[in-house]
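Read the structure below first, then the notes.
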Amino acid sequence: MCTQPPLDPLRSTKHVWKQLPCVRLISLSPLPLAYRPNREPNVSPRLRLAAMAAAIALATRPTAVLAQRAAAPDTSAGAELSGEIYDSIDVAPIGDAMVELVSQTNSALSFTTTSDSLGRYRIAHVPPGKYVLGFLDESLAEFGLSAVERTVDVGAAPMDNLTLAIPGSGALHDRICGAAAPGDSSSVMVGFVRDATSGTPLGRSIVVAAWHHVVMDSRGVHNNREDVPAKTAPSGWFAVCGLPSDRPVEARAVLGARATGYIEIRLPKHGVLVRDFDLGADSAVAGDVGSTASPLGEPLRHGTARVVGVVTDTTGRLLEGAHVSLWGASAGVTNVDGRFALDSLPAGTGTLEAQYLGFEPVRKVVDLASVRTDSVRIVMSKAVRVLSAVQVTSKRGLLRYQEFDERRKTGTGHYYTGADVAKTDPLLLSDFFYRVPGIRVQPVSGVDFELLSTQGGGMNNLCSPAVWINDVPIQQGGLNQLVQPNEVVGIEVYDAATAPQRYKAGECGVVIIWTK
């Protein structure tokens, strides 16, 4: 007699199938309903019970006994069923999916096949009757689904075009998050959180999505940060609802002291985005809490992972001098062969960013593992118009520059000389501000960045400080085009309470830049 091994719920669906070598029809076991918020069971009790009954029968009775059953149906004749297995999210057929046809009236009557590379399947010699047709594929788990099924009334004639499909983006969104209100274009991100080394799902983790939006209130116009957390199920699956589809969203996973780096995502309108996270065992390095290396100000981290790669343009030209960094970790510059190597990186999911003058920055999500070297190729494809450097000067500014040294002696702000800037060897001036306490650097578009302050007069939210160059107030857009790092002779950073009176503008502090 064939013995049924215990199923491992933490393994993928296809791995579970491989655990059943002696059973022709397996149980369609869904994720526990608690894992799938705001949804009804998507596999009918008939299909589950019929499959389970058939599996038990096949596992406990010798094949010879089954063959002698008088009630066993004759499948030497009958109709032929065919169709396609389709993914409405990726708009592509699903190959190698397991297709099941189960009789609603006779649990011993079942058929199993697999879809081909074009998603097509065929089941022959099906006796007339009522059946449940369904398919399983490991991709379903990403959406919290266990199977997709439909009822079929089989007669004598062949039946084709019996399509089974993963529901469309809008339907999945409403199933996961509930029906949206009229005009609501918010989206949902789903996926799994796993250990970066073993691949084991990490239940009870938290996935946080964050974005900035402009708010107008009694304090004026300022930039607020919105954070939406979601806890994973014991299986590691998560769903973060209510995310905007009209702007970039930064997200990461956290479990105790463990955290991934931030990644930037863009979501389809009222749709579903699948994004998994790998969590490393590296802990965040507190060190200087003002030292940051990502747009959202995460603390610097390190580990034993490594990444190497090459940076080119679309023609294949190797780009020397490209600035490559892993958000929240280390940075480097490509050599004459366009190659770079970053060491001592934290394991897990993170964002690798490459910048090269004349191109929009390129960001790639990478999944690193401890004591492993990953290789990537970065192609700079979107050229941008780079303005020539502009010197902003005035007699008034030149006279007041002498006050920079005087104010440094008071110690009420943070002060940096041109030598301090040069030591960090920034490719763009905004790169230097990653290391300035109380300042966060937020990418806007292309090579454009915005400075945000955490010192806005006691406010908890980030806001935009006033920026002055040589005593002239400027709009933040285009800072990297206005000032090159080697032109800086002094930088002053103040919160709202300590800023010199003549530079105060609102409650978000002040940044003053002096050039040669």
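Odds and ends about this structure:
- Residue in the range 320-335 that is within 15 Å of Y262 (Cβ to Cβ), of a type in the set (F, W, Y), out of contact with any Leu (no Cβ under 6 Å at 6 or more places or on another chain) and buried (at least 20 other Cβ atoms within 10 Å of the Cβ) present: yes
- Cβ pairs under 6 Å, 6+ apart, first in the range 503-516 and assigned by TED's automatic domain parsing to the domain that holds G438 and in a loop (DSSP other than H, G, I, E, B), second among the charged types (D, E, K, R) and buried (at least 21 other Cβ atoms within 10 Å of the Cβ): G509/D495
- Pairs where the first residue, in the range 345-358, is at positive phi and the second is hydroxyl-bearing (S, T, Y) and buried (at least 22 other Cβ atoms within 10 Å of the Cβ), C-beta under 8 Å, 6+ apart: G348/T260
- Conditions (1) modelled with pLDDT of 90 or more; (2) surrounded by fewer than 16 Cβ atoms within 10 Å (Cβ to Cβ); (3) of a type in the set (G, A, S); number of the one not met by S388: (1)
- Every pair of residues 6+ apart whose Cβ atoms lie under 6 Å, when the first sits in the range 485-499 and is farther than 19 Å from E406 by Cβ while the second is surrounded by fewer than 18 Cβ atoms within 10 Å (Cβ to Cβ) and small (G, A, S): A496/G457
- Residue count for the range 306-365 satisfying the condition of being farther than 30 Å from P201 by Cα and among the basic types (K, R): 2.
- In the range 131-148, of all residues being small (G, A, S) and not in a strand (DSSP E or B), the one that is nearest to H173 (Cα to Cα) corresponds to G144.
- Of all residues in the range 172-202, those that are touching a helix residue (DSSP H, G or I) at 6+ places or on another chain (Cβ under 8 Å) and part of a strand (DSSP E or B) total 5.
- Each residue in the range 252-283 was checked for being assigned to a strand (DSSP E or B) and in contact with an Asp or Glu (Cβ under 8 Å, 6 or more places away or on another chain), and 9 pass.
Residues checked against (1) surrounded by fewer than 16 Cβ atoms within 10 Å (Cβ to Cβ); (2) out of contact with any Gly (no Cβ under 7 Å at 6 or more places or on another chain); (3) in the same structural domain as S245 (by TED's automatic domain parsing):
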| site | (1), (2), (3) |
| --- | --- |
| R122 | yes, yes, no |
| G129 | no, yes, no |
| F143 | no, yes, no |
| D153 | yes, yes, no |
| N161 | yes, no, no |
| S185 | yes, yes, yes |
| V193 | no, no, yes |
| V208 | no, yes, yes |
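The values are calculated or read from the model by the stated rules, or taken from the named source; none is laboratory data. The structure presented is a predicted model; accordingly, all values stated were derived computationally and were not measured. Cβ sites come from the backbone with ideal geometry, for glycine too, and all protein chains shown count toward neighbours.
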